[in-house]
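Data block below; observations after.
The values are calculated or read from the model by the stated rules, or taken from the named source; none is laboratory data. No experiment lies behind these values; they were computed from the predicted model shown. Here Cβ is always computed from backbone atoms with ideal geometry, including for glycine, and neighbour counts include all displayed protein chains.
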Amino acid sequence: MKDQKKIVALTGAGISAESGITTFRDSGGLWEQYDVMEVASIDGWRKNPQLVLRFYNDRRKQLEEVKPNAAHRILAELEKDFDVTVVTQNVDNLHERAGSSKIIHLHGELTGARSSVNPDMIVDIGYRPIEWGEKAEDGSQLRPHIVWFGEAVPMIETAADAVALADMVIIIGTSLNVYPAAGLVGYAPRNASIYLIDPNDVPYSGRNITIIREKATAGMEKLKQLMIVH
Ligand code: OAD
């Protein structure tokens, strides 16, 4: 096998915005409509699990109705010429549906449910709701397979190892507000080239960085052209 250049894409809610999924922190975003600690934290789950189930059941239902966009697709197409790993904070499955093959989900996946005591006891539920009273194999309440605020991020080391080997890192549609995900780019080798695609200002400054101030689809199209030229 030829020695392919390694690309790691760090993606966030912005890459799925043009598919119709609302981001979290933009104006009109989910965290303006909901209290993040009520619906996306382990304390929120303990306090009002039914509310949390409803929140993620709604997200899952919406996911069935949306489609990957050109940004997801271009990322998948890059696999023809590069060794691409997608590290996403997103819990949607749009990278999978666009055809990417190596995807690390830092914050879990909407189409999964898990035991509320054992994070490794995960089942695929597709797009159906999780009901209150529905049990995992170990008898505990089924909960969304989501990494909430207040919980460890089990995939972070795998993701950091991938970034540490990257020749190129592409950051797409994340406000870089949430750690440890936001710190991943710091693992990139000194000589790696970094591209950041976002229509808004993202407070990140690093070495070798090129900012493409565009929405994800236009930005990925631009980056693709740049990569063909070089
Ligand atoms: P945010 O909502 O914090 O940030 C979205 C980013 O996408 C912002 O920088 C926007 O400017 C950008 N954006 C908006 N529209 C875009 C478009 N069409 N194309 C490209 N970029 C666009 O989302 P994340 O950074 O992904 O975690 O949020 C990180 C985590 O915070 C999420 O995984 C979630 C949330 O709380 C949990 O719930 C555990």
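If I filter region 47-54 for residues that are surrounded by 15 or more Cβ atoms within 10 Å (Cβ to Cβ) and within 13 Å of the ligand (Cβ to nearest atom), do I get at least one hit?
For region 47-54, residues surrounded by 15 or more Cβ atoms within 10 Å (Cβ to Cβ) and within 13 Å of the ligand (Cβ to nearest atom): present.
Kindly evaluate Leu142 against the criterion of being buried (at least 21 other Cβ atoms within 10 Å of the Cβ), outside any strand (DSSP E or B) and either out of contact with any Cys (no Cβ under 9 Å at 6 or more places or on another chain) or at pLDDT 95 or above (or both).
Numbers: buried (at least 21 other Cβ atoms within 10 Å of the Cβ): yes; outside any strand (DSSP E or B): no; either out of contact with any Cys (no Cβ under 9 Å at 6 or more places or on another chain) or at pLDDT 95 or above (or both): yes.
Answer is no for this residue.
Filter region 173-196 down to residues that are of a type in the set (A, V, I, L, M, F, W, C) and closer than 14 Å to Thr23 by Cβ and give me whichever is farthest from the ligand (Cβ to nearest atom). Give the steps one after another, and end with the answer.
Restricting attention to region 173-196, the residues satisfying the condition of being of a type in the set (A, V, I, L, M, F, W, C) are 176, 178, 181-182, 184-185, 188, 192, 194, 196.
This time we only want the ones that are closer than 14 Å to Thr23 by Cβ, so: 176, 178.
Values: Leu176: 6, Val178: 4 Å.
Among them, the one singled out is Leu176.
Can you go through Glu96, Glu64, Glu137, Glu79 and tell me which one is in contact with a Phe, Trp or Tyr (Cβ under 7 Å, 6 or more places away or on another chain), away from the ligand (no atom under 16 Å from the Cβ) and at pLDDT 95 or above?
Numbers: Glu96 fails: in contact with a Phe, Trp or Tyr (Cβ under 7 Å, 6 or more places away or on another chain); Glu137 fails: in contact with a Phe, Trp or Tyr (Cβ under 7 Å, 6 or more places away or on another chain); Glu79 fails: in contact with a Phe, Trp or Tyr (Cβ under 7 Å, 6 or more places away or on another chain).
None of the others qualify; the one that does is Glu64.
Condition first: surrounded by 16 or more Cβ atoms within 10 Å (Cβ to Cβ) and of a type outside the set (A, V, I, L, M, F, W, C). Now tell me which residues in region 26-40 satisfy that.
Asp26 - this is the single residue of region 26-40 that is surrounded by 16 or more Cβ atoms within 10 Å (Cβ to Cβ) and of a type outside the set (A, V, I, L, M, F, W, C).
Could you count how many residues in region 24-38 are outside any helix (DSSP H, G or I) and either more than 8 Å from the ligand (Cβ to nearest atom) or at positive phi (or both)? Step through it out loud before you land on a result.
Quick first cut of region 24-38, residues outside any helix (DSSP H, G or I) only: 24-29, 34-35.
Among the residues that remain, those that are also either more than 8 Å from the ligand (Cβ to nearest atom) or at positive phi (or both) are: 27-28, 34-35.
Going through region 24-38 one residue at a time, the tally reaches 4.
A quick yes/no check of all residues on (1) surrounded by fewer than 17 Cβ atoms within 10 Å (Cβ to Cβ); (2) hydroxyl-bearing (Ser, Thr, Tyr):
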site	(1), (2)
Thr85	no, yes
Asn93	no, no
Ala113	no, no
Pro119	yes, no
